[in-house]
Amino acid sequence: MTELIAAINEVIKYGLQPNLKTEGRNRELEKNLVRIYSYYFDIAFEFDDKDYPQFNKKIDTIRQNVTSNFPEFCFYKKVSDINDIDNSQEDHIGDAIDDLTDIIIDMWEIKWRIENNSLADGLRFFELIFYSHTQQHIIDLLNYMKQNG
């Protein structure tokens, strides 16, 4: 579990601290996003039905910090349905800053739950939030970073 927390820490620092001057930050971010993604496949926990306190999302500065740490991140084009080959008109706009902000908020809550509630609560939340929300943001952000290499 310490490896998961270490990878989370390497990602969330970009939302919790402004103006980080990290050498090779894009490559490090990419590496840690892939590490987090890979942990999803190995999640194992026993259900913990205790009633724990909820995470208090204080997110007002996270987007600002992400912007200060990745000023080159911007909007990008997304295909709405990759299986609809004949429809080239319905594309969407993605936002790399929003992707990373949402990933950081999700990862921060996973870490908080592990450290303040229980390992089982944190891993259960990881499993739920990853599949329903975080996974797509990671895929989109990695694709954006690859395209802008």
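The values are calculated or read from the model by the stated rules, or taken from the named source; none is laboratory data. On a predicted model such as this, the values are computed, not experimentally measured, just so you know. Note that each Cβ is placed from the backbone with ideal geometry, even for glycine, and that neighbours are counted across all protein chains shown.
In segment 25-84, the residue that is nearest to residue 15 (Cα to Cα) out of those that are of a type in the set (D, E, K, R) and touching a Ser or Thr at 6+ places or on another chain (Cβ under 8 Å) is 63.
Just one of the numbered conditions (1) touching a Lys or Arg at 6+ places or on another chain (Cβ under 6 Å); (2) in a helix (DSSP H, G or I) is not true of residue 92: (2).
Within segment 50-108, restricting attention to residues that are surrounded by 10 or more Cβ atoms within 10 Å (Cβ to Cβ) and among the basic types (Lys, Arg), the residue that is nearest to residue 121 (Cα to Cα) is 57. Only residues that are assigned to a helix (DSSP H, G or I) and surrounded by fewer than 12 Cβ atoms within 10 Å (Cβ to Cβ): list them for segment 132-149, please. Correct list: 132, 146, 147.
Here's the yes/no breakdown for (1) aromatic (Phe, Trp, Tyr); (2) modelled with pLDDT of 85 or more:
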residue: 7; (1), (2): no, yes
residue: 24; (1), (2): no, yes
residue: 39; (1), (2): yes, yes
residue: 61; (1), (2): no, yes
residue: 71; (1), (2): no, yes
residue: 75; (1), (2): yes, yes
residue: 89; (1), (2): no, no
residue: 103; (1), (2): no, yes
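Applying the set (1) loosely packed, with under 11 Cβ neighbours inside 10 Å; (2) at pLDDT 95 or above to residue 28 leaves exactly one unmet item: (1).
When you look at residue 27, is it free of Cβ contacts under 8 Å to residues at least 24 places away in the same chain, basic (Lys, Arg) and over 20 Å from residue 117 (Cα atoms), yes or no? Considered against the rule, which asks whether it is free of Cβ contacts under 8 Å to residues at least 24 places away in the same chain, basic (Lys, Arg) and over 20 Å from residue 117 (Cα atoms), residue 27 comes out as yes. Of all residues in segment 91-101, those satisfying the criterion of being β-branched (Val, Ile, Thr) and at pLDDT 95 or above are 97, 101.
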